[in-house]
Each structure stands twice: as C-alpha cells, then as structure tokens.
2 protein chains.
Amino acid sequence: MSKRPLILVTNDDGITAPGIRTLISVMKEIGDVVVVAPDSPQSAMGHAITINSTLHVEKVVIDNGSQIEYSCSGTPADCVKLAVREVLDRKPDLCVSGINHGSNSSINVIYSGTMSAALEAGIESIPAIGFSLLDYNWGANFEHCKSFVKTITSNVLEHGLPDGVVLNVNLPNVEKKDIKGIKVCRQARANWEEEFDKRTNPMGREYYWLTGKFVNMDNGEDTDEWALEHNYVSIVPVQFDLTAHHAIQQLNSWDFGA
Amino acid sequence: MSKRPLILVTNDDGITAPGIRTLISVMKEIGDVVVVAPDSPQSAMGHAITINSTLHVEKVVIDNGSQIEYSCSGTPADCVKLAVREVLDRKPDLCVSGINHGSNSSINVIYSGTMSAALEAGIESIPAIGFSLLDYNWGANFEHCKSFVKTITSNVLEHGLPDGVVLNVNLPNVEKKDIKGIKVCRQARANWEEEFDKRTNPMGREYYWLTGKFVNMDNGEDTDEWALEHNYVSIVPVQFDLTAHHAIQQLNSWDFGA
C-alpha cells in the first residue's frame, strides 16, 4: 500500500499487558497505530457492552513511540465502538485485538473478549483479527509471535476479508523454530467440563469458584485444536451471522398450529 | 411424553422480572421447573462468565407454585453452568431463557445475555430456546406470548433440535389477534449506529453514555426483522460453531510464506 494504513489496536487483558505491547510494536512497522484498550483486565467478558453505566476514555502514554493511546473503562466491544465513533477521525483500515494471554481456540471464541473486539470491528465492516498465545501467564514470551502476526496482518491488508468474516488466530506456545507453519482451520467441537470449587466464607456462607477441564471431542485434522497440538499457528475465519442455515428446512417441517 | 420433562429456566433481566415470571408459568404447564437466574439485571452481558470473582447461589421463593428457584450472583452463562453442575440432580431435558424485555433479533443475538444462556445450554447438549418480546419496558404485557411460547417449546420437546443448534425466538409487541403466525427465519444483517452522549461530571471530567440507532441493511423477506415487522413470531436457529466455512478456501489461497 502506498499510504500507511490506520490500525486500531485493542485487547481484553488491559492496555498495559505484555501481549498488547507486543502487538503495538509489530503494528507500528506496518501502519499508523491508535490504541483504545481497557484500563483493566476484561477476560471472559464475551460480547458484553456497557449500557447501564458510564464510560471514561483517557489519553495515556504507556511506552515510547509514535502510537497514540487511550485507556477506556469499558469492555473490549465498548473500546471498538468508542474508537470508531469518538476517538478516530476516520474509519480504520484494520482492527487487531490481542495478543491475548491464553487460548481463544475452538469454543473459547464465544467467551473471548479479544474476539468480541474483533467481531465488533467486523460488524462495523472493518477488517479485523484477534490474536492469542497459548500461554496464560502475564510474563509469557511473545517474541516468536511477531513474524506470524506480521505475515497474517499483511495478508489481510493486501487481500481484505470476505464480508462478515473476521479472523481468530491462535499461536502455539513453543519456540519459533518448532512452529511448522500457518494453517486455516475450522473451530473444533469442544467444551469445558466445569467444576465448581465450593467453599465457605468466614461468615459461614457458601460460595463457588468456577474451574474446569477443557474437553476436545473433535479429532478432525482440519480443526484449530489439531493444528495447535501439532505446532501450527491456527487461523479460523469467524462469522457473526449465527444462523444455522442448514437447520431452517427441518424447522419448517414442524407443526406450529394456528 | 409420558414422563414430565425437567426444565431449567433462566434469563438476563433478573429472577424477579415479569418476563421470567411469565415463562415460568408457561413451563409449569409442561414440566417440572427449576429456576436458576441472576439476582440482578445482566442485560448486554454477551457471553460473559465469571472467572475472577466468586459466585453465590441462594434458594429463594419469589411467588407461589411448584417451581424450585435459585438466585445467582453471576451472569446468565454462569447460571446455566452452575445449574447443570451443582444445582440439578440430572441433566435437564430443556433450557429456556427469557422472556427478555426487549428484542434479541438480528445482530442483537451476539450482545444478548438471554441468548448466551441458551447457547451455554446448547454447548452442554441441552435443547435450548431464548425468548424475547419487542418491548423494553419492565411493565411490558407478556400475556399474548404465552400460547406461542408453549407451542414452540412443545415442538422442541417433541422433535429435539439438531446438534449444535439453539433457537432464538422473538415476539412482536402487538395484540394476540394481530399476530399472523410463526416464521422460521435467518438473522438479518443489521447493526447499531452508536452515538455516544458526551457529558461532563461535577468534577469536570468527561464521560460517555452509549446510545444508538438500530439500522437494518437487509430487506430479505426470509429475515427475522422482516417477520417481526410483519407481525410474525420469528424463530432463528442459532449455532455456536462460528466458523465461516465458506471463507476457508479463499484464505487457503493466501501466501503465508515460510
């Protein structure tokens, strides 16, 4: 591209998280960067938006560089809405979200704040990508992610994305030399088998912590889980038309009476 | 069915909302009802789950009847997870969510706490339906919803639902005699054009309220928006495999280099 693209960067771990700092550093090589990200961690917020309380946006400087940054009191989806309507002078050419500290593969996409930001951008017809590293630690090493993030981003800027589609990219937590490549995948059929850790507080009242075990029920070699297990970077094209088109005909055979 | 089905009821407006009270009254005609619903409104929570704080569940009595009820400090998705793992003795035969005070048609499905509960049940392989009335008022009249809710629920219990599919049902806010019937639809392509109402607080700090205008860009007569505008009850089969399968081939033509 002759003109530098305008890139909106956000995440769900909060504006100071190492993952978004890495993403910003890569995006600065590609375009002009504006960051609008949550002022505190918003993981597992799904596609929440803030309608019953107020939102604050504040210009901040986190580290050196040409990027312009704003921290926002809202959810990742709020950040994208605010960026598009209030912060940016024009529609961005791209929105990237992440790099998330932890997987957003398979069913995790629907709980993911990282992906909800990307979906929100997609709804606004902005090409969008969510990036996640399979390491939940705050001190995770993102170095090996950089070249893959750059390659995928450059492809999206060059080719665009199909209407109504955003990308869910997950990166395995292995050394760069062990990554076998990039694979376009479908979302594996998997879920969480929750276990609630039941405790009693000092006042004698019971409460729960949500914990759980990830269960992959899908051995398909075309899935993101397969790719990640085999040290590929996975790309799943994700859509926000949730219609199960294949089910419409069957439902039309039902008797809904008068 | 010879045995009465076990029905889990939840919502996102909170356990005392008139919409869920109506839904409970209809479900009691069909089966044995257990309610696990948020103790306060959780609208626009998307598919949020509570991983960074504790959850409380309390047995409560809201009104008379055979139903057993629990109020929960979490999100709608939390309620379903807790119900399935901790509250219920066996997997329910059905999960219904709502009746939401306000539309969850078209793109609203992805912001909807009501539908996130239904999706969570679907992920657990429990047949699930979210119901919403196109009236945001707390004092909305739900009487005309009852027979449609019963008809659709009975069909789901009789036929089951395809694997990976839950139903998103929206009901127009008109008198019963004016409702033309029930229509199986696809999700309309629509979005919100947000407008942020910018204000200054007494300390001189700026803040925003999120407001917006709903824009339907999709005139298809097979959409939920069309059905609702023409006084039909809309049913959209919704899936939680978000893969845009049609985009995979195109992405595979990209050059991801080494």
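The values are calculated or read from the model by the stated rules, or taken from the named source; none is laboratory data. If you're wondering where the values come from, they're calculated on a predicted model, not measured in any experiment. Cβ: placed from backbone, ideal geometry, glycine included. Neighbour counts: every protein chain shown.
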A:ARG189 versus (1) of a type outside the set (A, V, I, L, M, F, W, C); (2) more than 8 Å from chain B (Cβ to nearest Cβ); (3) within 30 Å of B:LYS91 (Cα to Cα): which is the lone unmet condition?
(2)
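Could you pull out the residue among A:ASN155, A:ASN170, A:ASN219 that is polar (S, T, N, Q) and farther than 26 Å from A:ILE123 by Cα? Please lay out each step first, then the result.
Numbers: A:ASN155 fails: farther than 26 Å from A:ILE123 by Cα; A:ASN170 fails: farther than 26 Å from A:ILE123 by Cα.
Exactly one residue qualifies, and that residue is A:ASN219.
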When the residues of the range A:170-207 are filtered to those that are at pLDDT 95 or above and of a type in the set (S, T, N, Q), which remaining residue is surrounded by the most Cβ atoms within 10 Å (Cβ to Cβ)?
A:ASN170
Before we move on, is A:SER116 under 24 Å from A:ALA77 (Cα atoms), of a type outside the set (Val, Ile, Thr) and not in a helix (DSSP H, G or I)?
no
Considering only the range B:1-99, give the strands (runs of 3 or more DSSP E) lying wholly within it that have at least 3 residues that are crowded, with 21+ Cβ neighbours inside 10 Å.
B:6-10, B:32-38
Which pairs turn up if I take residues in the range A:145-169 that are more than 9 Å from chain B (Cβ to nearest Cβ) and crowded, with 24+ Cβ neighbours inside 10 Å and look for partners that are in a helix (DSSP H, G or I) and not aliphatic (A, V, I, L, M) with beta carbon separation below 7 Å, at least 6 apart in sequence or on another chain?
A:CYS145/A:THR22
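Taking the options A:ASP78, A:ASP135, A:ASP89, A:ASP63, name whichever one is of a type outside the set (A, V, I, L, M) and within 10 Å of another protein chain (Cβ to nearest Cβ). Full working, then the answer.
Details: A:ASP135 fails: within 10 Å of another protein chain (Cβ to nearest Cβ); A:ASP89 fails: within 10 Å of another protein chain (Cβ to nearest Cβ); A:ASP63 fails: within 10 Å of another protein chain (Cβ to nearest Cβ).
Matching residue, one of A:ASP78, A:ASP135, A:ASP89, A:ASP63: A:ASP78.
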Go through (1) within 11 Å of chain B (Cβ to nearest Cβ); (2) closer than 25 Å to B:TYR207 by Cα one by one and return the number of the condition A:TYR70 breaks.
(1)
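Could you list, in sequence order, the residues of the range A:211-241 that are polar (S, T, N, Q) and closer than 17 Å to B:GLY164 by Cβ? Before the answer, list the steps.
To start, the set of residues in the range A:211-241 that are polar (S, T, N, Q) comprises A:211, A:216, A:219, A:223, A:231, A:234, A:239.
The answer is A:ASN216, A:ASN219, A:THR223, A:GLN239.
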Select from the range B:225-258 the residues that are under 26 Å from B:ALA77 (Cα atoms) and among the hydroxyl-bearing types (Ser, Thr, Tyr) and write down the one among them that is surrounded by the fewest Cβ atoms within 10 Å (Cβ to Cβ).
B:THR243
Among the residues that make up the range B:72-79, is at least one of them of a type in the set (Gly, Ala, Ser) and in contact with a strand residue (DSSP E or B) (Cβ under 8 Å, 6 or more places away or on another chain)?
yes
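Of everything in the range B:34-56, what is in contact with a Phe, Trp or Tyr (Cβ under 7 Å, 6 or more places away or on another chain) and either touching a residue at least 60 places away in the same chain (Cβ under 8 Å) or more than 7 Å from every other protein chain (Cβ to nearest Cβ) (or both)? Give them in sequence order. Give the derivation first.
Looking only at the range B:34-56, we keep the residues that are in contact with a Phe, Trp or Tyr (Cβ under 7 Å, 6 or more places away or on another chain), and these are B:35-36, B:44, B:46-47, B:49, B:54-56.
Answer for the range B:34-56, where residues must be in contact with a Phe, Trp or Tyr (Cβ under 7 Å, 6 or more places away or on another chain) and either touching a residue at least 60 places away in the same chain (Cβ under 8 Å) or more than 7 Å from every other protein chain (Cβ to nearest Cβ) (or both): B:VAL35, B:VAL36, B:ALA44, B:GLY46, B:HIS47.
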Those residues of the range B:101-127 which are more than 9 Å from chain A (Cβ to nearest Cβ) and within 22 Å of A:ILE51 (Cα to Cα), in sequence order:
B:HIS101, B:GLY102, B:SER103, B:ASN104, B:SER105, B:SER106, B:ASN108, B:THR114, B:ALA117, B:ALA118
Given the conditions (1) without any contact (Cβ under 8 Å) to a residue 60 or more places away in the chain; (2) touching a strand residue (DSSP E or B) at 6+ places or on another chain (Cβ under 9 Å); (3) assigned to a helix (DSSP H, G or I), which single one is not true for B:GLY122?
(1)
Whether any residue in the range B:208-215 is at the interface with chain A (Cβ under 8 Å from one of its Cβ atoms), touching a residue at least 24 places away in the same chain (Cβ under 8 Å), surrounded by 13 or more Cβ atoms within 10 Å (Cβ to Cβ) and within 26 Å of A:VAL238 (Cβ to Cβ) is what I want to check.
no
